[in-house]
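Scroll down for the structure; my scribbles are underneath it.
The values are calculated or read from the model by the stated rules, or taken from the named source; none is laboratory data. As the structure is a computational prediction, the values presented were derived from the model and not from experiment. When we count neighbours, we look across all protein chains shown, and the Cβ atoms used for this are built from the backbone with ideal geometry, even at glycine. What goes into the accessible areas is simple: the full protein's heavy atoms, side chains included, and nothing from ligands, DNA or RNA. Shrake-Rupley method; radii C 1.70, N 1.55, O 1.52, S 1.80 Å.
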Amino acid sequence: MEKLNGKRILITGASGGIGSNTAKLLVSGGATLFLTGRRMDALTALADALQVPSERVFAADLSDQDAVSALAGRVMETMGGLDILVHAAGIGIIKPMDQLTLEDFTRTLNANLISTFLLMKAFLPGMKQAGKGLVINIPGVLGKVPMAGAAAYSASKYGLTGMMQSIREELKRTEIRITNIFMGGVDSPFWDEIPLKVQREKMIRAEEAARAVWFLCQQPASGVVSEMVLQPFNHQAI
Ligand SMILES: NC(=O)c1ccc[n+]([C@@H]2O[C@H](COP(=O)([O-])OP(=O)(O)OC[C@H]3O[C@@H](n4cnc5c(N)ncnc54)[C@H](OP(=O)(O)O)[C@@H]3O)[C@@H](O)[C@H]2O)c1
């Protein structure tokens, strides 16, 4: 296992269920964290609990190019670069086509896909210069297997999967590793606004989902885990 100690890790979605739990695990292993999300109050509360200094906390809407540039500037200023990017930001709008609006669709693409594109544009050049790095994305199983009502969400997550696979091809001769995690349902605030009957008590716990990310952050650099599939035990779709 690679040591986390001293690893510079940016966590997006740090104010969310998977991101905040990942932050807790990584900081306990000695990683140097940079936390971002949209809600500054939630980020500040987490940073205080984990003793992450305020200069490494930054609120940004990742679908906004200027905000991502400002985030990248702050990351460079405070950490001088990045060893690992854990991209745990995203939204879920689950509606049948007769209710899904263009606004729902573009909002989903912006939050889940355009955000990833902007992050790659901002952070890949530094990783290329360093000749190494690790990018972990969480497309979820709906980035691999369709579900009724998930036209917008799956469009964003299939897009994310395809984009990252293509970028991986471009990076073949570098030591920049890309991992896509296909998780099934994780019990987190993600489900709070989704009008589906779901059994949250049967989902993966956010702490356990975070443990998978924590594990991936410690994989030796001589190999790459290209994909990980993590499903609730009684709900194995793929
Ligand atoms: N929960 C699941 O069942 C599940 C399953 C598979 C994959 N995933 C994926 O895993 C990731 C994390 O999910 P989660 O369960 O932790 O969800 P969550 O608890 O709802 O957290 C989502 C996080 O994303 C941030 N975010 C959303 N839109 C953003 C934007 N435009 N700019 C910047 N940050 C933004 C939120 O920030 P604020 O709260 O500060 O606004 C929050 O920190 C998402 O990509 C999701 O699609 C989730």
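Some points to look at:
- Trypsin sites (Lys or Arg not before Pro) restricted to the stretch 27-126 and DSSP loop, no more than 13 other C-beta within 10 Å: ARG39
- Average Cα contact separation per residue, the stretch 8-230, under 8 Å, 6 or more apart, as relative contact order %: 22 percent
- Dipole of the stretch 8-230, positive end: most advanced residue of ALA14, LEU142, GLY131 [Cβ charges, Cα centre]: GLY131
- The gain in end-to-end length when the MET76 to GLU201 segment is fully stretched comes to 41.0 nm, 0.36 nm per residue minus the alpha carbon separation.
- ILE194/GLN219 FRET efficiency (R0 30 Å; Cβ-Cβ; nearest 0.05): 0.40
- Residue-wise HN-Hα couplings along the stretch 201-214, as the Karplus relation 6.51 cos²θ - 1.76 cosθ + 1.60 with θ = phi - 60° gives them from phi, are 5, 9, 7, 5, 6, 4, 5, 6, 4, 5, 4, 5, 5, 4 Hz; Gly and Pro carry x.
- The stretch 1-41 shape via C-alpha gyration tensor axes, a/c threshold 1.5: prolate
- Residue-normalised accessible area of the chain, expressed per residue, 1.4 Å probe, Å²: 49 Å²
- 5 angstrom amide H check on MET183, placed H, neighbours 5+ away: GLY140, VAL141, LEU230
- Computed on protein heavy atoms with a 1.4 Å probe, the accessible areas place ASP64, ASP41 in the order ASP41, ASP64, largest first.
- The HN-Hα couplings worked out from phi for the stretch 73-81 by the Karplus form 6.51 cos²θ - 1.76 cosθ + 1.60 (θ = phi - 60°) are x, 5, 4, 4, 4, 8, 10, x, x Hz, whole numbers, x standing for Gly and Pro.
- Of the peptides 13-21, 75-83, the ranking by mean beta-carbon count within 10 Å, highest at the top, reads 13-21, 75-83.
- With the helix formula -39500 (n - 2.57) applied to DSSP H stretches of n ≥ 4, the chain reaches a computed 222 nm mean residue ellipticity of -12500 deg cm²/dmol.
- Shape of the stretch 1-145, Cα gyration tensor, a/c cut at 1.5: prolate
- Heavy atoms of MET228 accessible to a 1.4 Å probe, total area in Å² rounded to 10: 40 Å²
- Separation of alpha-carbon centers, the stretch 1-26 and the stretch 48-124, rounded to whole Å: 15 Å
- Expressed as a whole percent, the accessible area of the stretch 1-118 that falls on carbon and sulfur atoms is 52 (1.4 Å probe).
- Label sites at SER226 and ALA148, each approximated as a point 7 angstrom past Cα along Cα to Cβ, lie 3.4 nm apart.
- Computed magnitude of the charge dipole of the stretch 8-230 (debye, nearest 20; Cβ of K, R +1, Cβ of D, E -1): 560 debye
- Listed values for the stretch 148-154 are Karplus-derived 3J(HN,Hα) couplings in whole Hz (6.51 cos²θ - 1.76 cosθ + 1.60, θ = phi - 60°), namely 4, x, 10, 4, 6, 4, 5, and x replaces Gly and Pro.
- If the chain linking MET163 and LEU50 were pulled fully straight, counting 0.36 nm for each residue of separation and taking away their Cα-Cα distance, it would gain 37.4 nm.
- Simple spin-label estimate for THR101 and PHE233 in nanometres, 7 Å along Cα-Cβ: 4.2 nm
- 23 Å Cα-Cα threshold exceeded, pairs from LYS128/LYS172; LYS3/LYS202; LYS132/LYS157; LYS3/LYS128: LYS3/LYS202; LYS132/LYS157
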